[in-house]
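What follows draws every value from the coordinates through simple rules; no lab data is involved. Bear in mind that the values here come from a model prediction, so they are computed numbers and not experimental data. Using ideal geometry, Cβ is built from the backbone for each residue, glycine included, and neighbour counts are taken over all protein chains shown.
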Amino acid sequence: MEQLANIFHLGLKELRSLQRDPALLLLIIWAFTLGIITAATSMPESLHNASIAVVDEDRSPLSARLIDAFQPPYFRTPQRIELSEMDHGMDSGQYTFTLNIPPDFQRDVLAGHSPAIQLNVDATQVSMAFTGAGYIQMIGAEEVSAFLRHYRADLPQQAELAVRIAYNPNLTRSWFGSVMEVINQITMLSIILTGAALIREREHGTIEHLLVMPVTPPEIMLAKVWSMGLVVLLATALSLLLVVQGWLQVPITGSLPLFLCGALLHLFATTSMGIFIGTIARSMPADLCLSPIGCLLITS
Amino acid sequence: MSAPEAPEAPAAPVAQLQDVSLQYGKTCALNAVSLEIPAQRMVGLIGPDGVGKSSLLALIAGARKIQSGQIEVLGGDMASRDHRRQVCPHIAYMPQGLGKNLYPTLSVIENLDFFARLFGQGEAERKTRIAELLRSTGLSEFGERPAGKLSGGMKQKLGLCCALIHDPDLLILDEPTTGVDPLSRNQFWELIECIRSQRPQMSVLVATAYMEEAERFDHLLAIDEGAVLATGSPAELLQRTQCTSLEEAFIALMPEAKREGHKQLVIPPRPAGEQEIAIEARDLSMRFGDFVAVDHVEFRIERGEIFGFLGSNGCGKTTTMKMLTCLLQASSGEALLFGQTVNANDMATRKRVGYMSQSFSLYGELSVRQNLVLHAQLFHVPATEIAGRVTAMAERFSLGDVMEQLPERLPLGIRQRLSLAVAVIHKPEILILDEPTSGVDPIARDVFWQLMLDLSRNDGVTIFISTHFMNEALRCDRISLMHAGKVLDSDTPKALIAKRGLPTLEATFIAYLQDAVGEQPQQPAPEAEAPAAQSNTPKRKRFSLLRLFSYTRREALELRRDPIRGSMALLGSLLLLFIIGYGISLDVENLTYAVLDRDQTTTSHAYALNLAGSRYFIEQAPLRDYDELDRRMRSGEISLAVEIPPNFGRDLKRGAVPQIGMWLDGAMPMRAETIKGYVMGLHAGYLQELARQDSAATRSNLPNLEVRYRYNPDVESLNAMVPAVIPLLLMLIPAMLTALGVVREKELGSIINLYVTPVTRLEFLLGKQLPYIALGMLNFVLLLIAAVWVFDVPLKGSLLALLTGGLLYISCATAMGLLMSTFTRSQIAAVFGTAIVTLIPAIQFSGLIYPVASLEGFGALVGQIYPTSHFLIISRGVFSKALGFTELYSYFVALLITIPVLLALCTSLLKKQEA
């Protein structure tokens, strides 16, 4: 009973200390509002503004039509370049894609030959390479067929592809990004808050004071775990309701209490980790260096 | 200690202050001070801690910026930068704190060498000067010992050597003997006398909190609350106040309001008769590795006794107290409280003990009342009694007016009373107080003692107190003299003095110390004047490589002696490379999918096979209906479902353009986007294949799109990520280390050497930067080795170009660190700030994940100028694209321009004086 009372009183003390620490309060507020909003909205589409250059050696209506088909927001307006500029542009990362339309392309197409178009992809840009190549292939095929429809009737066999996306029909990045970021912030803050709570005591020498009192180390630790966990949990709930659902208009289809239960378990693990880091790290900077590494280890 | 005779005609004052004021935020450190400091004298500043002595000295030394008023030192205005640069080689400043301006990991000689280089002395001159200084201070034997492992007295001697290395005309010492044992203190002052007799033209300005010491100075300035109370020789001050000791004189000089209610402290005798033993130490020892902190200490303290531990800093007082309070486990021997061995798990005994640690250690974020209540609760005072107990404490310790305030804002004297109140709120029978009165003014100290006497005599509380003030020790019932972990003797103060037959306790303690050390203080040998003092009129060079390398050498030595920092940097970056290289994989592979085939013809099978042939997809059992599709996608079993409509084969042949449906799991948009790209590519490939097969019947005419994945034909995430992560790590870690390197000096106080020595800002910055560039290059090479041999990432281009680029880039990164360090004050802020300034642009805007060419607005602007973008292109170019100098030269130029721009920014932002 006395132990529970100790844990309770020490936890209250932590909450009071936090209340008087404007830097940490600001960090919490930032993490659960602006931090989530920026992370959610700034997450770019994987194919967004992809830079593409075209070497047009044909200069026919068909090649022009093809070039015009690459439009924002997926692609930047295509740059027309000479063949000689192509390698340098790709080497310096200026263009992620270059399309090489051969001479007499239109004539060959109309004549029923199968001329080859070369698409060069900078495969060091892993995030765009596949997606972009897929889009370009589709766009190319569509444009040529549409062009041909004006001239010929005996088209080859065609099948259409209808892509439907479940759960997030428009693939809105913020739906995923905001929730991911909430989880990241839970991890980061719970580690930093508990670690900081312990190290603050050590730096001010108050931990010694506690240890000569009839208080055991586990009580000190548990007090920090419950108080900081509570702060993060409250902030999470508010952030999900007000920021994610309210501001970012992300529909939460599942059960919020269930999410919070999961978060609670997660918090117990991460706050304990914060304490662990706090006990190894002798100083605040060391703690702060270790925490991100810890966060990275968990999240990745 | 007769001072050298003052010259007949006193020279012009060495320093003159006119209406000097200084504010720290809202507190006023100096309030319109005007005074003159006579030349060629030993001038003492006396007063308790926190009254502005240190600020005054820092202003005179030029280490702190003048806020208002005028200060003339050595015949010139200290507000002028030119004058400061001119006189700074003639002033030596030793800041407060044991060895504050020294570097603890460097040896004695290395420390001296560092300072000698800063003052531009040649090698031969340095050697003779260092040897002589060491000989005259008796430090010769300890030349190789790290400064951090010297005793307090030796540290102060070394500090003095460092200050004297360039023959200053004005020597400024800020509390040089605080916390040093009386023997060393005595030796220190003898040393100063000796130096003064050799260089009579030198003026010495000393601040001290020990009033006894002040009696040997020529001229005194008594200071309290930022104002001068009185000036004059010690004899004059005593005469003016009609007092016998300077301490009493100081109290007499203090304003009426503060003295109100102060009366001479009278110590009532203890009631006679044998009492039970409250605290007992039997053969108590504590070892930390090889170091013996407490060496077989024994004592017995009776109930109600005030027992004092007298000794210098680091002699084992605090360690003994920590063993009594279970904070440390004794290596051998035992400590007993009330006849019971101290046991960390014994909660009952803890409730009978109150403890007050050396520094103020209550919760600054809780109000006075909250602190009292919290401690009462933790000691399990019954809830009903807490309110009454708190009120009683407030009354007894006169805290009534400040109950709702935060302790941080209270004066030191009141904070000490609060600490004591907290320590006794649970009515303990034993009080353990570790230097409770250091830094408190004499009046507040007397009030504090009155409270302790009250507790001891009226409540029968046993008090165990440590101190380094002789006059406090005299008030104890019994004392132990402690030195280097050993108790030299213990008895009542009077008995100890009588035993030795010396007049004062200080002399008695010194006699004991001399017995313990076993030798007479080494008489400083009279020495010849320093060799042809060419450094007295050195050419004042604006930029000196000697000074620059002095800093480089020192920083490199410190880095080498602190293996944790270096290896954290190297191992940390390798670890991060592994985590990020493997962790942030953009490969989307092994996608599970299932087919809902409502056609079941050979054509539809062929379409499904087309998917199954891809290395990215893994087929699961086919779907039977929409419900199943829904269920299996929801459970995460499949991330893609393909629906082939009825009559697909027939419609295709008829040319009716049938529609194939694809359902994607959109919960992770990035992944869904990539899957979409895959299936679109596969579908287009299927159509091309279809067209080719048909060419027998109808003529094929769709163009053939040949996709060439350049630089990374298999589009492997690892091959693309590793060359991109290396620039990220080489920005983050060197920048952070460099920033910490400078900010650490700010926190430890050795930054003062930048303020008071001739080193310029650029020399300081470049000097600090060089070792970190070297460390960064080592780090770079390690990362390259890991990339090529562990990750098997092919290095296709010119290694020389990559290394050159790395060198330039690391210079940029360390300069970024320097830039951050110029405007952060604490290591925490430096780490946070550097992380934000390096990580966000390096990850978001430099083309690590999204090419710079695809960025817009602010991000694009940052991406174009941030050094990581340039080095990322170099790194990817050399690793994946087989490029060299000729193709990439423009990016080298960009980096080359960035370095001087960053350094110029740092130089203009760095302060050569404390604000």
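Worth a mention:
- Of B:K53/B:K317; B:K26/B:K911; B:K26/B:K317; A:K13/B:K427, pairs whose Cα-Cα distance is over 32 Å: B:K26/B:K317
- Taking amide H atoms as placed 1.01 Å from N in the peptide plane, the amide H of B:L488 lies under 5 Å from those of B:L481, B:M482, B:H483, each 5 or more residues away in sequence or on another chain.
- Cβ-based charge dipole, the protein assembly as shown, positive-most Cα from B:I277, A:L233, B:A32: B:A32
- Report note on the peptides B:73-86, B:218-231: ranked by the mean count of other C-beta atoms within 10 Å, highest first, their order is B:218-231, B:73-86.
- Three-way shape label, region B:119-173, alpha-carbon gyration tensor, a/c 1.5: oblate
- Per-residue HN-Hα couplings for region B:615-621 [Karplus 6.51, -1.76, 1.60; θ = phi - 60°; Hz; x = Gly/Pro]: 6, 8, 10, 10, 7, 10, 3
- Table column - 3J(HN,Hα) (Hz), region B:817-824, Karplus curve with 6.51, -1.76, 1.60, x for Gly and Pro: x, 4, 4, 5, 5, 5, 10, 10
- For the pair region B:19-79 / region A:111-144, the C-alpha centres are spaced 76 Å from each other.
- B:E215-B:A124 FRET efficiency (beta carbon distance; Förster radius 30 Å; 0.05 resolution): 0.10
- Euclidean distance of C-alpha centroids, region B:754-827 and region B:113-130, integer Å: 29 Å
- The protein assembly as shown, dipole about Cα centre (Lys/Arg Cβ +1, Asp/Glu Cβ -1), debye to the nearest 20: 820 debye
- Proximal aspartates and glutamates relative to B:K796, as straight alpha-carbon distance under 17 Å, when same-chain residues fewer than 8 apart are discounted: A:D87, A:D91, A:D122, B:D714, B:E716, B:E887
- In loop segments of region B:375-462 as defined by DSSP, the GluC sites (Glu not before Pro) with at most 10 further C-beta atoms inside 10 Å of their C-beta are B:E404.
- Under 15 Å from a label point set 7 Å out along the Cα-to-Cβ vector of B:E298, the amide N atoms of region B:309-344 belong to B:333-336.
- What you get for region B:207-321, charging only the Cβ of Lys and Arg (+1) and of Asp and Glu (-1), is a dipole of about 160 debye around the Cα centre.
- Dipole moment magnitude, nearest 20 debye, chain A about Cα centre, only Lys, Arg, Asp, Glu C-beta charged: 980 debye
- Scanning residues 5 or more positions from B:V180 or on other chains, those with amide H under 5 Å from its amide H are B:N313, with H placed 1.01 Å from N in the peptide plane.
- Helices in chain B, meaning DSSP H runs of at least 4 residues, each add -39500 (n - 2.57). Divided by all residues, the mean residue ellipticity at 222 nm is -15000 deg cm²/dmol.
- Prolate/oblate/rounded label for region B:574-635 (Cα gyration tensor, a/c 1.5): oblate
- Placed amide H near B:A230: partners under 5 Å, 5+ positions off or other chain: B:A222
- Helical contribution to [θ] at 222 nm, DSSP H n ≥ 4, -39,500 (n - 2.57), averaged over chain A, rounded to 500: -20500 deg cm²/dmol
- Beta bridge orientation in the protein assembly as shown: antiparallel %, DSSP, nearest 5: 40 percent
- 10 Å Cβ neighbours from other chains, averaged over peptide B:345-353: 2
- Antiparallel DSSP beta bridges within chain B, as percent of all bridges there, nearest 5: 50 percent
- Chymotrypsin sites (Phe, Trp or Tyr not before Pro), loop per DSSP, at most 14 other Cβ atoms within 10 Å - longest free stretch of chain B: B:1-542
- Loop-located GluC sites (Glu not before Pro) in region B:602-704 whose Cβ has at most 13 other Cβ within 10 Å (DSSP): B:E637
- Each residue of region B:165-171 was assigned a 3J(HN,Hα) from its phi angle through the Karplus curve 6.51 cos²θ - 1.76 cosθ + 1.60 (θ = phi - 60°); the sequence is 4, 10, 6, x, 8, 10, 10 Hz, with glycine and proline shown as x.
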